[in-house]
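The structure appears below as structure tokens.
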């Protein structure tokens with residue numbers, strides 16, 4: 001094993017010793033030696049099976065049959081989740097075929113950040129993760145289940161399902177993906193049209209045509225944003241079947257993998273003889289594996305919020321520093337948009353997750369001796385699924401990259417490190433994803449221009465007020481202020497300025513997510529402005545230095561004069577309308593970005 005991986009793992013284990021022990025006590029106490037439904041009062045049991053067909057009812061009375069709870073994030077607003085419409089019946093039939101039962105335990109909300117970008121609804125996006133976690137807990141609270149299957153893919157949905165699943169960590173669990181849409185208009189061409197539109201050089205009709213050619217069918221969006229990073233991480237953590245993440249929807253192989261997943265989770269129950277609860281799969285080693293994979297693939301910065309929150313749900317105290325220390329020694333092996341020109345289908349075709357696992361295992365960068373839903377040992381995930389005469393089989397994945405413009409071996413990486421920086425200075429602490437930023441753009445020293453919403457920046461751009469070197473400071477965008485919406489509406493304007501030869505950077509207590517592009521962006525800055533963070537005292541014209549190479553975030557003004565400034569108050573009318581007022585109680589309880597921007601942090605910390 002690489003010494004840095006051992007070092008981070010050991011300190012994570014030590015730091016988490018008390019909370020992890022308490023967590024394991026909790027899930028072991030919840031586990032039962034036999035089906036919990038067998039201990040229910042007769043009336044409770046009758047309610048739980050009243051809606052089942054006769055055959056399923058009878059099987060549920062027999063305690064050697066497993067009952068699998070299905071938690072689904074299906075809706076047909078999300079292209080990625082639309083394929084899930086018919087999954088419950090497919091899963092139920094697959095379970096009946098082996099003498100078990102599936103029940104949809106509940107649904108969870110699933111909103112699309114792509115639809116709500118720049119709109120009021122985006123302010124509910126991060127908070128929806130907490131709602132999904134709670135909805136998962138409600139679904140499983142019936143306590144009728146021997147195992148659980150989770151149907152979810154996109155940005156906050158998988159992290160929310162994970163947080164909920166880990167609080168029911170005594171249940172064997174498996175996540176079932178639905179796959180990415182086939183490739184459409186390239187992400188590079190789409191981005192070019194967006195920039196031309198921002199400059200007034202493309203019409204709205206041209207822009208709409210471009211977007212609809214890029215996002216054109218059921219399946220996950222094809223860029224390597226948070227949704228596809230989620231899928232890669234679920235596989236790297238051993239919670240998908242090997243090779244399941246990036247098989248396109250509505251294909252025979254996709255259908256076979258869904259059936260196999262449903263039947264595999266039964267084998268992980270006590271009745272199946274391989275009892276493996278999810279709370280024992282997700283340990284410190286598996287979390288370290290997930291962060292290594294995040295860096296090696298150039299994954300979404302949203303996971304600097306999600307992975308600490310997920311870890312805490314399993315009693316593990318993961319920090320940004322742990323993530324950054326791993327980034328220093330994990331090479332970047334994949335270039336998928338926005339880090340490169342290829343999309344996720346190209347990544348999969350070039351060797352995908354199986355190639356990545358093999359490279360990282362052979363380099364000693366991953367813990368191999370871990371539990372997975374496919375059995376003991378991560379080496380199983382160097383295999384890929386195929387159909388042979390209609391039968392699902394696994395074969396060894398490619399030992400060589402089939403396209404080194406997309407996926408590279410350890411001896412010729414795109415970068416010797418993973419590209420995550422913890423940004424530290426007198427403006428606070430944040431993160432930057434430098435893997436998508438050209439080296440010549442990673443350091444910017446320029447005057448600040450302060451904004452309180454994205455439209456202000458767009459208006460300033462159109463008025464010609466930003467035709468200079470500039471650090472855009474977008475404040476009052478943190479979790480406790482307005483729910484921490486993504487801020488992609490600014491990206492085309494800042495990209496145009498950079499293309500015109502100006503030094504441009506962004507500093508914000510908000511977030512940019514997995515589609516963060518070529519602009520150096522210090523994001524998730526905390527303390528956030530509403531909590532009195534330094535951003536609340538920045539003024540137009542202040543000289544700022546954003547150094548992605550050194551990981552520094554500095555305001556270059558007289559320290560005494562800066563300390564004497566009064567912080568600016570947040571804009572009036574925040575968080576009202578479009579249902580946002582319903583989330584006021586949650587915003588007030590959210591932790592800092594570094595602690596996962598979670599409403600549950602204080603409760604989980606009490607497990608110490």
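The values are calculated or read from the model by the stated rules, or taken from the named source; none is laboratory data. Here the structure is a predicted model, which is why all the values come from computation and not from measurement. Neighbour counts run over all protein chains shown; Cβ positions are idealised from the backbone, glycine included.
Okay, residues lined up against (1) touching a residue at least 60 places away in the same chain (Cβ under 8 Å); (2) part of a helix (DSSP H, G or I); (3) touching a strand residue (DSSP E or B) at 6+ places or on another chain (Cβ under 7 Å):
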position: 137; (1), (2), (3): no, yes, no
position: 142; (1), (2), (3): yes, no, yes
position: 149; (1), (2), (3): yes, no, yes
position: 169; (1), (2), (3): yes, no, no
position: 174; (1), (2), (3): yes, no, yes
(request) Go through (1) farther than 28 Å from residue 4 by Cα; (2) within 18 Å of the chain's Cα centre (by Cα) and name the single condition residue 433 misses. (result) (1)
(message) From the list 384, 368, exactly one residue is under 14 Å from residue 282 (Cα atoms) and either in a strand (DSSP E or B) or assigned by TED's automatic domain parsing to the domain that holds residue 244 (or both). Which is it?
(response) 368
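Table: residues versus (1) at pLDDT 95 or above; (2) crowded, with 20+ Cβ neighbours inside 10 Å; (3) touching a helix residue (DSSP H, G or I) at 6+ places or on another chain (Cβ under 7 Å); (4) part of a loop (DSSP other than H, G, I, E, B).
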residue	(1), (2), (3), (4)
398	no, no, yes, yes
412	yes, no, no, yes
418	no, yes, yes, yes
430	yes, yes, no, no
436	no, yes, no, yes
446	yes, no, no, no
471	yes, yes, no, no
(request) Mind telling me which of the residues 191, 227 ends up being closer than 24 Å to residue 303 by Cα and over 20 Å from the mean Cα position of the chain (by Cα)? (result) 191
(message) Can you pull out every residue in segment 176-193 that is surrounded by fewer than 18 Cβ atoms within 10 Å (Cβ to Cβ) and outside any loop (DSSP other than H, G, I, E, B)?
(response) 188, 189, 192
(request) Give the number of residues within segment 215-263 that are in a helix (DSSP H, G or I), surrounded by fewer than 24 Cβ atoms within 10 Å (Cβ to Cβ) and out of contact with any strand residue (DSSP E or B) (no Cβ under 7 Å at 6 or more places or on another chain). (result) 4
(request) Scan 510, 495, 483, 548 and give me the residue that is touching a helix residue (DSSP H, G or I) at 6+ places or on another chain (Cβ under 6 Å) and crowded, with 22+ Cβ neighbours inside 10 Å. (result) 483
(message) For the structure I just gave you, tell me whether residue 22 is within 21 Å of residue 172 (Cα to Cα) and either surrounded by 14 or more Cβ atoms within 10 Å (Cβ to Cβ) or in the same structural domain as residue 178 (by TED's automatic domain parsing) (or both).
(response) yes
(request) Take residue 353 and decide whether it is closer than 20 Å to residue 226 by Cα, modelled with pLDDT of 95 or more and assigned to a loop (DSSP other than H, G, I, E, B). (result) no
